[in-house]
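The values are calculated or read from the model by the stated rules, or taken from the named source; none is laboratory data. Since this is a predicted model, take the numbers as computed values, not measurements. Because the Cβ atoms are built from the backbone with ideal geometry, glycine has one as well, and the counts that use them run over all protein chains shown. Protein only, heavy atoms only, side chains kept; ligands, DNA and RNA dropped before computing areas. Shrake-Rupley method; radii C 1.70, N 1.55, O 1.52, S 1.80 Å.
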Amino acid sequence: MENKQRNLAYNNYVKEKIPKTKAWPSLFYSFLVGGAICLLGQGINDLLLLAMPNISQQSAWGYTLIILIFVASLLTGLGVYDQIGKVAGGGSIVPITGFSNSIASPSIEFKSEGIVYGICVKMFSIAGPVIVFGTVASAGVGLIYWIISLF
Amino acid sequence: MEFGKTIVLKNQPKIIGHYSIVGPKEGKGNFGEFFDYVMKNDCFGENTFEKAERKMLEAAIMGVVQKAKMTIKNVDVMVAGDLLNQIISSSYAARAFEIPFLGVYGACSTMAESMAVASVLVDGGYCRNVLCCTGSHFSTAERQYRFPLELGNQRPPTSQWTVTGAGSCILSLEGKGPRVTSVTFGKVVDWGVNDVNNMGAAMAPAARNTMLSHFRNTNTSPKDYDLILTGDLGKLGSEILVDLMDEEGVSLGLNYNDCGQMYFKREQNTLCGGSGAGCCATVFNSYIMKKFEKGEYKKVLFLPTGALLSTTSSQQGDTVPGVCHAIVIEN
């Protein structure tokens, strides 16, 4: 009991002592980089539609995503993306480029353990939960949609 | 409070050789000029970081044997450890030399643990020359404990930077060098910190416990030492330790410092400073030993701390226990 109180007091003391992250500069850089990535995506999309007028908006979106994913993987391999991430934080994690980075980076890291046990097993060690939650959530939403459509 | 066990060494083994090897970032840090060897890159000519860490330890072992002017056959036992699972770096380094090997693990306190075990072995007359070696590598530790290197995440402000480096020394009753006069084996202390990015706060209570034990058991106070040096509490952890000791009525003054806090320059962006088994091992076996050789230090209390967690324990919601071993070196 005495230890519990001591630990609680200690943890509260530590909490006060921890240097705080400065919220405004972090938010600013997140917004700047995140916005720039979105702007880039919109630019690619518009250019695609301009260059190939007969493709649909749907397929232009698909190509845009593919290009963004490729660029982010390439930048990860070149060792640039983590430098961007250090400054941008959420700004470069939330867009699809962050997803690409989270798959490419463990693949590079665990290459030394071989193709099967290294790259293939570890590839989704960070992105895996996102995929699982995404799949479960979409199934859940689909179920709700189906139930509503019955009435 | 339960106190740790202090052993006062009658024969006082001497540190007859010391060697340190570090990575390029560490070479640019505050202790750069004191290290024996600075690697040109983190890979050290190997194709994986784990092999680079092992090679670093092998280089530290070779280096210290040469500096002590002996051959590897003169070493009776090697006591070594590192941070990787199953301490592979040390074991595989020992494989290369065909000498008896004791693997120890005390996380970042491993240097003091190995020296404490070695000095007891030498002091009792059971071994003539005992080699101690400890190292860590930023890239292997990151991927074992944290995230891939290329992942674009931000480090929390309390995090520390694992030092790439290895330090080694040889203890013996013959020869010249500073003497190890007493050792205190510390208890495992856990004050309920569960933030794995705040090792300093998790380990500071262990340092407090061992420090209080040592002062009580040896009847000394901070004034009796030229330097009181903790391992890798970092900026935050060492501030916490000063506060904790103040509460006990022991004031740590200008003669207290922390290897992790001093290790890197401000512009190297390591937040709370250096950490890892290599942090205090390289500082101790370069800067501190060189100060002893110059006669600037007479008596130093060296007490590195270690956080005894694993990724499994923290993912299962366990808190982070710490341990701290102390050794006293006198000229």
Going by the conditions given, is A:V87 under 17 Å from the mean Cα position of the chain (by Cα) and more than 18 Å from A:I103 (Cβ to Cβ)?
-> yes
State whether one or more residues within segment A:42-65 are touching a Leu at 6+ places or on another chain (Cβ under 8 Å), open to solvent by less than 50 Å² (accessible area, probe 1.4 Å), at negative phi and within 14 Å of another protein chain (Cβ to nearest Cβ).
-> no
If you go through segment A:1-17, how many residues are surrounded by 13 or more Cβ atoms within 10 Å (Cβ to Cβ) and over 19 Å from B:E247 (Cα atoms)?
-> 0
State all residues of segment B:43-61 that are assigned to a loop (DSSP other than H, G, I, E, B) and within 14 Å of chain A (Cβ to nearest Cβ); if no residue qualifies, say none.
-> B:C43, B:E46, B:N47, B:T48
Are any residues in segment A:75-117 away from every other protein chain (no Cβ under 11 Å) and touching a Phe, Trp or Tyr at 6+ places or on another chain (Cβ under 9 Å), and if so, which ones?
-> A:Y117
Report, by residue number, each residue of segment B:178-197 that is more than 13 Å from chain A (Cβ to nearest Cβ) and open to solvent by less than 30 Å² (accessible area, probe 1.4 Å).
-> B:P178, B:V180, B:T181, B:S182, B:V183, B:T184, B:G186
Scan of segment A:118-147 for residues that are within 14 Å of chain B (Cβ to nearest Cβ) and open to solvent by 80 Å² or more (accessible area, probe 1.4 Å), ordered by number | A:V121, A:F124, A:V130
Which listed residue is within 11 Å of chain A (Cβ to nearest Cβ) and among the hydrophobic types (A, V, I, L, M, F, W, C), from B:L171, B:L151 | B:L151
Please work out if B:S213 is more than 14 Å from chain A (Cβ to nearest Cβ), open to solvent by less than 10 Å² (accessible area, probe 1.4 Å), farther than 28 Å from B:N269 by Cα and touching a helix residue (DSSP H, G or I) at 6+ places or on another chain (Cβ under 9 Å).
-> no
A:A104: of a type in the set (A, V, I, L, M) and either in contact (Cβ under 8 Å) with a residue 24 or more places away in the chain or touching a Leu at 6+ places or on another chain (Cβ under 6 Å) (or both), yes or no?
-> yes
Here the residues within segment B:5-27 that are within 20 Å of B:T140 (Cα to Cα) and either in contact with a Pro (Cβ under 6 Å, 6 or more places away or on another chain) or open to solvent by 50 Å² or more (accessible area, probe 1.4 Å) (or both) are B:K25
Might you let me know whether segment A:22-34 holds any residue that is under 19 Å from A:L68 (Cα atoms), exposed (fewer than 11 other Cβ atoms within 10 Å of the Cβ) and either touching a helix residue (DSSP H, G or I) at 6+ places or on another chain (Cβ under 9 Å) or within 14 Å of chain B (Cβ to nearest Cβ) (or both)?
-> no
Can you tell me which residues in segment B:134-146 are more than 7 Å from chain A (Cβ to nearest Cβ) and not small (G, A, S)?
-> B:T134, B:H137, B:F138, B:T140, B:E142, B:Q144, B:Y145, B:R146
Pairs, first in the same structural domain as B:D190 (by TED's automatic domain parsing) and under 12 Å from B:V180 (Cβ atoms) in segment B:1-22, second open to solvent by 40 Å² or more (accessible area, probe 1.4 Å) and among the aliphatic types (A, V, I, L, M), C-beta under 6 Å, six or more apart | none
Cβ pairs under 9 Å, 6+ apart, first in segment B:245-267 and more than 17 Å from B:A201 (Cα to Cα), second open to solvent by 80 Å² or more (accessible area, probe 1.4 Å) and part of a loop (DSSP other than H, G, I, E, B) = B:F264/B:K28; B:K265/B:K28
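If the requirement is being over 18 Å from the mean Cα position of the chain (by Cα) and under 25 Å from B:V328 (Cβ atoms), which of these qualifies: B:D36, B:D82, B:D123?
None of the other options fit; the residue is B:D123.
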Output for segment B:88-111, where each listed residue is assigned to a helix (DSSP H, G or I) and touching a Ser or Thr at 6+ places or on another chain (Cβ under 9 Å) = B:S89, B:S90, B:A107, B:C108, B:S109, B:T110, B:M111
